Each structure stands twice: as structure tokens, then as C-alpha cells.
Amino acid sequence: MLASEVTSLLDRLGVAPDCRRGARAVRSPLTGETIAHVEDASPQRAAEAIAQAEAAFRQWRHVPAPQRGELVRLLGHELRAAKDALGRLVTIEAGKIVSEGRGEVQEMIDICDFAVGLSRQLYGLTIASERPNHRMMEQWHPLGPVGVITSFNFPVAVWSWNAALALVCGSPVIWKPSEKAPLAALAVQALFERAAAKAGNIPDGLSTVLIGGRDVGEVLVDDPRLPLVSATGSTAMGREVGTRLARRFARGILELGGNNASIVCPSANLDLALRAIAFAAIGTAGQRCTTLRRLFVHDSIHNEFVARLKQVYASVRIGDPLTSDEVLVGPLIDQAAFRNMQRALEQARTHGARVHGGERVDEKRFPNAYYVRPALVEMPAQTGPVLRETFAPILYVMTYTDLDAAIELHNAVAHGLSSSIFSTDMRETEKFLSAAGSDCGIANVNIGPSGAEIGGAFGGEKETGGGREAGSDAWKAYMRRLTSTVNYGDDLPLAQGVRFDI
Ligand code: NAD
């Protein structure tokens, strides 16, 4: 049944029928059924795409940045028109609830708007020179074709964070989407092609999609014609990709896993904190890189607050998000994700956990799909599975008495993506945001760790990979910096007072 809806969505989104044949079966996590087939890119096709991107780069770097921005403006326009259809495809392919599927497309529209504005900026610097009649300056030039490797859980937005910026910065993009969500990628490519046809004079190969698994990703990682690869996914993937990129001195933007935490202080607005924590920990069925996974609650409010959380966990509506807007928790992506979740819960029990929820639901109705009740896990200490990312809705709750000690524990994990504090005491919130506070790339106050806007730089420290994407000055990663000194005088003074008279 879903397969016929997918066919009509792909028709509406302009995906050519010949892209929808092949040996790779695409399944929906909503029911587990096969919804389409696609073909993996062969090594020759990947090599051709890279050669084409290189040729496109030679033309595109000469197009003035505001004109490059015009293409991205038109892409944003196509995305606006396709928001419902593409959002629904994201729901069917990644299992998100409908408003999150649409929200993901809105995020693409937002980054297009941001990039269009940026296309009239891309500011360099003038720098004071110590030498008379000299001017120093810094310019930003296009870098070259960019490989983009993405994860299943944000199957389209992550591409747009990279592509919208790379395109205005003058760099073509070759995209290897998750093998678990190739259809949404084909749809985005079709929308890009519509925008390119409207813009006119767009070189072939400016944006390409290469369907496939890790092997196709490795082709991008290893090709010396790609000076930058942006890779989003697990830390295990990033460790491999980062090492291979370093071997050929290429740049990487690594956006990897997170083991995100929040601290709830005694002065917090607990009604607000409850809603924020529910969205951050349960939303997207725990399958966001910024999902809240660890919660430290002050012991003076612990019992009351955890009792309220338990009620939310017991009552939240789980199911196929296409059937009702009241469903807030869709399925896990696949059986492997379900097994990982169960393994983590088992391990937590051996560390003294009290586990509430976590069981499979609707198994009879959906024998091939994996719906679970989110798990609230009371832990005596931060040990065992609490120290790693399990990509499923598990929230480990711990108690604290001293904020400094809680911040120490907060930072005592391998990842450093996102974090938050709930407090109305500015001494506490400012401490959390200070140099001695959260060690993450993102630290929020009175909201959860998830749900970022595109205006800020997104990414994290430590085993999250160190990359930054989307807002602020993340665009600089897609360009090369040129420092120039110009002598407009008739003398040749040397820097640092060096004398070299011939
Ligand atoms: P994954 O690591 O299994 O796969 C991600 C992508 O990498 C896929 O396209 C895959 O084919 C490719 N890949 C895997 N190994 C590769 C290799 N050696 N060389 C080249 N490509 C390779 O991740 P997933 O299960 O799709 O996504 C979930 C993970 O992604 C979680 O850890 C989550 O936290 C993380 N994530 C991070 C961010 C962020 O911005 N920090 C955003 C979304 C997801």
C-alpha cells in the first residue's frame, strides 16, 4: 500500500522512472514493507560524477557569488512548493512524525534563505600592514568539489546545510545519501534539477547523487579531486573517514554521534522542563544526533520530577505517524536498532538500573516494523551503557547534589555535541555556559539539547568530530583562504626589519 503512495510522491517530485529500478530494495520503517528499488552507483559512475563535478567547478567558480545565490534561491522556491510531498516522503522513508518530516524540509528552505543572503557577503578582511605603502588582505575563493555523506535520520536537511553553502561558495556537491533513505535524496536531486533548468546556464555535474553503501562513500573519501568531504553519521564511520582524509591531507567536516545531557536545577520551571525533556528525549523516537540521553536532576526535586516524567513516558502515543497527528513516536529505523536498544537496556540492568518502558509495541500488527515504548531508566551512577550513544529512545536519569560535580559528570563522556540546563538562577546558567561549563559545541538554557535553528553553527567536540555546519561562519569550510600583500610604493621594506641589500 505504501509503495503506491511512494510511486505517486516520486512522480509529483519529478524523480525519473529510470532512477527507480535496480537491485537495492528500499523499505519503510513504518511497516517494514519494500517501497521501491534503486540501483547503486557503479565505480565507473562515481568516477564520471567526480570528473563532471571537477569540470563544473572550473565554470562555477567564475560565476559571481550573488548569481550563484540565485540558483539557491530557486532551489528554496522548489522546496517550498514541494514541502508537503517531500516531508511525507521523509516520514515514510525515515519514520519521523509528519510535522517533523515537514520541519526537516522547512530547515532546507531556511538554509537556502540564509545562503542567498550569504551570497552577497562572503566577507574577507583588510589587515594593517607593518610596512609603509603596503596593503594586506584576505579573500575567500571557491575550494573545489565537495563530497557529502549523510545519515538516515536527517535524510535531506543535512545535504542542504552543506549544499546551499557550498553552491554559493562556488563548490559543486556530490552526495552519497544513507543507503536507508535514498528516495528522499533522489527527490531532492530532481528538485535541484528543476531549479537549475529555471536558472539556466548551470553546468552539468554541479550537484549529483550517488546511491550506495559504505563502498560508494569510500570512493568520495579517497578521491584526491575532492578537497573536502563532509560526513555525517556514527563516530565509528567518522573515525574511519577522518583517518582516510588525513592520509591525503583533505579537509573533513565530521558531524558524528552525541551523548547529550541536561541538568535540571532546583529553581527550574518544572512544567517547561518536562515538555522540553519529553521532546528532546522521546521526539524522533530518540533518533536525533542531539537527542537527550542523560538527565541529571537535583535531589531536592528528583522524586517529584521523575514521577511526572514516568507519566509522560507511560502515556505518550506510539504508532504509525501517518494514521494520526496525535502519534508522537514513530518506529525505530530497523531491527538492528531495536536489538541495540534491548542490549543497552539489558546492560543497564546489570549496572543496577530500574527500567520503565523500552518494550516493543504493536508487534502483531507490524511484525516487520519496530515500534517501542521509550525507556526511562533510573541509574544509580553514570556507568555502562550510559557512557555511549545508543541510537534509540533511552533516557538515563541520575540525581545530583552539587552543580560543579554534575557538570563534571556531564562532561565525562566521549562525545561533545549538545547540552542544556534548566534553571532560573543566572549564576547556574552562566556557569554552565562558561569556559568551565559544558564542553559541547551546543549548550542551551531552558530548552532541550535538540531542535537547532540554522542560524547558529551546528556541530560538536571530542568524538562528535569537531565539524561545524549551517549558520554563523560555517561557510568558510567550503572556501579556501587567500592572504595577499600588495606593495603600492617604490621601496621594498622587508617585514620584521630584515635587511637584504643587494
Ligand atoms: P552510519 O555511520 O551508519 O552511516 C552514515 C553514512 O556514512 C551512510 O551514508 C553510510 O553509508 C556512510 N558510511 C559508513 N561507513 C563509511 C565509510 N567507512 N566510508 C564512507 N562512508 C561510510 O550512521 P547512521 O546510522 O545513518 O546515522 C546515525 C548516526 O549519525 C548517529 O550516531 C547520529 O548521532 C549521527 N548523526 C550525527 C549528526 C550530526 O550532525 N552530528 C546528524 C545526524 C546523525
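The values are calculated or read from the model by the stated rules, or taken from the named source; none is laboratory data. Only a predicted model underlies this, so the values are computations on that prediction, with no experimental measurement involved. Glycine gets a Cβ as well: all are built from the backbone with ideal geometry, and neighbour counts include every protein chain shown.
Taking residue 253 and the conditions (1) more than 7 Å from the ligand (Cβ to nearest atom); (2) within 15 Å of the chain's Cα centre (by Cα); (3) in a helix (DSSP H, G or I); (4) not hydroxyl-bearing (Ser, Thr, Tyr), which numbered condition does it fall short on, given that it satisfies the others?
Evaluating residue 253 over (1) more than 7 Å from the ligand (Cβ to nearest atom); (2) within 15 Å of the chain's Cα centre (by Cα); (3) in a helix (DSSP H, G or I); (4) not hydroxyl-bearing (Ser, Thr, Tyr) leaves (3) as the failure.
Please indicate, with yes or no, whether at least one residue in segment 324-337 is away from the ligand (no atom under 16 Å from the Cβ) and either without any contact (Cβ under 8 Å) to a residue 24 or more places away in the chain or in contact with a Ser or Thr (Cβ under 6 Å, 6 or more places away or on another chain) (or both).
Within segment 324-337 (the criterion being away from the ligand (no atom under 16 Å from the Cβ) and either without any contact (Cβ under 8 Å) to a residue 24 or more places away in the chain or in contact with a Ser or Thr (Cβ under 6 Å, 6 or more places away or on another chain) (or both)), the answer is yes, since at least one residue qualifies.
What pairs come out if I take residues in segment 1-19 that are under 15 Å from residue 188 (Cβ atoms) and pair them with residues that are in a loop (DSSP other than H, G, I, E, B) whose C-beta lies under 7 Å away, six or more apart or interchain?
Taking only residues 6 or more apart or on different chains, the pairs are 13/82.
Quick one: which residue in 22, 32 is within 30 Å of residue 372 (Cα to Cα) and in contact with a strand residue (DSSP E or B) (Cβ under 9 Å, 6 or more places away or on another chain)?
Within the list 22, 32, the selection yields 32.
Residues in segment 288-303 that are touching a residue at least 12 places away in the same chain (Cβ under 8 Å), more than 16 Å from the ligand (Cβ to nearest atom) and either under 29 Å from residue 96 (Cα atoms) or not in a loop (DSSP other than H, G, I, E, B) (or both): how many?
5
Taking the condition of being part of a strand (DSSP E or B) and within 20 Å of residue 190 (Cα to Cα), how many residues in segment 26-57 meet it?
Residues flagged as part of a strand (DSSP E or B) and within 20 Å of residue 190 (Cα to Cα) within segment 26-57 amount to 5.
Sort through 262, 267 and tell me the only one that's crowded, with 24+ Cβ neighbours inside 10 Å, polar (S, T, N, Q), modelled with pLDDT of 95 or more and more than 14 Å from the ligand (Cβ to nearest atom).
262
Restricting segment 128-185 to residues that are of a type in the set (D, E, K, R) and away from the ligand (no atom under 14 Å from the Cβ), which is surrounded by the fewest Cβ atoms within 10 Å (Cβ to Cβ)?
Looking at the filtered set, the residue picked out is 130.
Considering only residues that are more than 6 Å from the ligand (Cβ to nearest atom) and within 20 Å of the chain's Cα centre (by Cα), look in segment 232-246 and name the one that is farthest from residue 259 (Cα to Cα).
The qualifying residue farthest from residue 259 (Cα to Cα) is 245.
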